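Worksheet: the structure to be examined is printed underneath.
The values are calculated or read from the model by the stated rules, or taken from the named source; none is laboratory data. Here the structure is a predicted model, which is why all the values come from computation and not from measurement. Because the Cβ atoms are built from the backbone with ideal geometry, glycine has one as well, and the counts that use them run over all protein chains shown. Keep in mind that these areas ignore ligands, DNA and RNA; they rest on the heavy atoms of the full protein, side chains included. Shrake-Rupley method; radii C 1.70, N 1.55, O 1.52, S 1.80 Å.
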Amino acid sequence: MMAPVSLNDAHQLPLWRRPAALLTLMAIAMPLSFATWSALLNNFVIEAANFDGQDIGVLHTVREIPGFLAIGVIAVLLVMREQVLALVSLVLLGVATGLTALFPSMGGLLFITLLSSIGFHYYETVNQSLQLQWLPKDRAPQMLGWLIAAGSGATLIAYIAIVMTWEAWNLSYNFVYMVSGGLTVAIVAFCALAYPQFESPNPQVKKFILRRRYWLYYALQFMSGARRQIFVVFAGFMMVERFGFEVHEVTALYLINLVANMVIGPVFGRAVFKFGERNTLIFEYVGLTVVFLLYGGIYWFGWGVILAATLYVIDHLFFAMALALKTYFQKIADPGDIAPTAAVAFTINHIAAVFLPFLLGALWLISPGAVFGLAAGMAMISLALAMMIPRHPEPGNETVFGGVLAAPAE
């Protein structure tokens with residue numbers, strides 16, 4: 001790492017060495033490993049380890065444990081800067097992803113998944129904090145949208161390669177995992193050598209904090225984590241188990257998602273800026289309720305693969321609108337609270353993730369449709385919470401109830 005540079009002086013650096021450029025490179029590095037791992041996972045575990053719905057639930061429960069323990073980031077920050085921790089976490093994610101295919105058993109997959117998950121979740125926790133510290137409030141929604149597009153664009157090339165070459169070149173899981181993980185590590189190495197330490201003008205509190213006035217943000221994070229698990233764990237698994245999708249077909253769905261995110265990510269950013277966090281999140285949760293009910297209909301009424309694939313893409317797009325939750329918190333937070341609250345919120349987001357995949361994996365064996373019915377109910381709870389966001393959130397005006405339910409700013 002080079003000598004520290006204040007954020008206030010960062011504008012004097014060339015464009016490619018500024019904080020936004022570093023955030024963009026990290027946004028590219030992470031999905032190269034994580035998205036590739038996700039695209040191949042359902043086929044790999046079914047072919048290599050004969051997984052069923054219960055097994056995939058157990059795997060994802062283990063994968064989410066580091067997210068639940070993301071609060072440990074606060075302790076790590078006592079001895080390591082956020083920027084350094086982000087890069088170290090990305091290296092762990094890349095290395096673990098590269099080694100995934102060498103562990104084709106239940107025990108081996110649980111072990112390597114736990115390692116990659118520590119890297120992924122600690123990176124995501126710190127990255128969210130850095131984004132909210134480094135991006136100006138008036139431009140954050142648009143820039144977050146462009147970061148989504150950047151990550152999608154980088155992964156697009158990888159997915160095109162998988163779709164075009166998986167069958168034609170008879171690729172192995174090991175080769176694809178090794179290449180994707182290696183690319184992540186290579187990008188991190190460049191980031192470590194090319195960028196200085198960026199010093200925020202607002203020192204972050206390095207202790208556990210749980211503020212009453214952030215209660216709505218915590219509640220929205222909890223419901224977001226619960227809903228996301230059903231999509232992450234079971235939507236893709238359904239495409240393989242029920243409709244027999246091959247690796248290149250699953251990856252083609254991811255490819256469509258990526259192109260859509262590249263186009264719509266910046267649009268979502270502008271939508272949040274124009275319509276506000278409240279209206280954007282209400283739109284997201286209404287849409288997700290409809291999508292999950294239609295997912296259930298695939299099992300209740302025997303609807304076909306075209307609808308399932310369409311819903312998979314629409315579902316993924318709605319989740320990209322979660323950037324509104326980030327900017328809502330940015331507007332109500334004390335500047336020094338961003339890092340510790342990001343860790344607390346990530347833990348809250350993963351409370352349901354620790355037990356839901358296991359419990360819903362058991363329910364999946366009985367009634368897959370019921371799993372998606374529960375998800376629709378969760379989306380409606382999120383909708384009710386989103387209606388409590390004021391039109392112009394700020395410290396002291398965190399909810400529509402004003403000071404009735406929120407304590408004065410601590």
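In table form, for the structure just shown:
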{"item": "Qualifying residue in segment 219-227 (condition: open to solvent by less than 50 Å² (accessible area, probe 1.4 Å), out of contact with any Leu (no Cβ under 9 Å at 6 or more places or on another chain) and hydroxyl-bearing (Ser, Thr, Tyr))", "result": "no"}
{"item": "Sole exception among (1) closer than 24 Å to Leu23 by Cβ; (2) open to solvent by less than 40 Å² (accessible area, probe 1.4 Å); (3) outside any helix (DSSP H, G or I) for Pro203, by number", "result": "(2)"}
{"item": "Ile71, sole failed condition from (1) assigned to a helix (DSSP H, G or I); (2) open to solvent by 10 Å² or more (accessible area, probe 1.4 Å); (3) modelled with pLDDT of 85 or more", "result": "(3)"}
{"item": "Of all residues in segment 167-195 being open to solvent by 70 Å² or more (accessible area, probe 1.4 Å) and part of a helix (DSSP H, G or I), the one that is farthest from Leu109 (Cα to Cα)", "result": "Leu193"}
{"item": "Search result, residues across segment 4-36 that are open to solvent by less than 10 Å² (accessible area, probe 1.4 Å) and under 21 Å from Gly94 (Cβ atoms)", "result": "Leu22, Leu23, Met26, Ala29, Ser33, Thr36"}
{"item": "Residue ID - least open to solvent (accessible area, probe 1.4 Å), chosen from residues in segment 241-282 that are of a type in the set (Phe, Trp, Tyr) and not in a helix (DSSP H, G or I)", "result": "Phe245"}
{"item": "Neighbours by Cβ (under 7 Å, 6+ apart or cross-chain): first from segment 209-227, without any contact (Cβ under 8 Å) to a residue 40 or more places away in the chain; second open to solvent by less than 10 Å² (accessible area, probe 1.4 Å) and in a helix (DSSP H, G or I)", "result": "none"}
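Per-residue answers, yes or no, for (1) in a helix (DSSP H, G or I); (2) not hydroxyl-bearing (Ser, Thr, Tyr):
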residue: Pro4; (1), (2): no, yes
residue: Ala10; (1), (2): yes, yes
residue: Ala29; (1), (2): yes, yes
residue: Thr36; (1), (2): yes, no
residue: Phe51; (1), (2): no, yes
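For (1) in a helix (DSSP H, G or I); (2) closer than 20 Å to Gly396 by Cβ; (3) open to solvent by less than 10 Å² (accessible area, probe 1.4 Å), each residue gets a yes or a no:
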{"site": "Glu284", "(1), (2), (3)": "yes, no, yes"}
{"site": "Leu293", "(1), (2), (3)": "yes, no, no"}
{"site": "Ile314", "(1), (2), (3)": "yes, no, no"}
{"site": "Phe329", "(1), (2), (3)": "yes, yes, yes"}
